[in-house]
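Report on one structure; see the data block that follows.
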Amino acid sequence: MTSSWGGKRYHPVAFTEYGVAMLSGLLNSETAVKMNIEIVRSFIQLRKSAIQHSDLNDKIQKMERHYNRKFADTEQALDFLIQEKSKEQEYS
């Protein structure tokens, strides 16, 4: 699959907890329903672990904020460069 921006775009390789819950409304086979239940149980276990290890959760959130800010700065810089390049091409 390609995007309008060019380059390849890939389908997600994981479901969120909410995606699994929505999927359960579409499932009809017994095997699919059993797998869905196991996946939801896994999400519950992950949530319990996150609560038990809140110090790690805090560190992860701090890292996400830090790096997301850096990525946002990088994205802004790239957008600026792309706009400048477009302006140069218009005047050429």
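Readers should treat all values here as calculations from the given coordinates under stated rules, not as data from a laboratory. These numbers come from a predicted model, not from an experiment. Here the Cβ positions follow ideal geometry from the backbone for every residue, glycine too, while neighbour counts run over all protein chains shown.
With +1 assigned to the C-beta of every Lys and Arg and -1 to the C-beta of every Asp and Glu, and no other charges, what is the dipole magnitude of the stretch 21-70 about the Cα centre in debye, to the nearest 20?
I would put it at about 320 debye.
How much net charge surrounds residue 80 when only other residues with a Cβ under 14 Å from its Cβ are counted (Lys, Arg +1; Asp, Glu -1)?
After counting each charged neighbour, the total is -3.
Excluding same-chain residues fewer than 8 positions from residue 70, which aspartates and glutamates have a Cα within less than 18 Å of its Cα?
List returned: 79.
When the Kirkwood hydrodynamic radius is evaluated over all pairs of different C-alpha atoms of the stretch 19-63, what value in angstrom, to one decimal, is obtained?
12.1 Å
Among the lysines, which fall within straight-line cross-link reach of residue 48, defined as a Cα-Cα distance under 29 Å, with same-chain neighbours fewer than 8 residues apart omitted?
Cα-Cα hits under 29 Å: 34, 59, 62.
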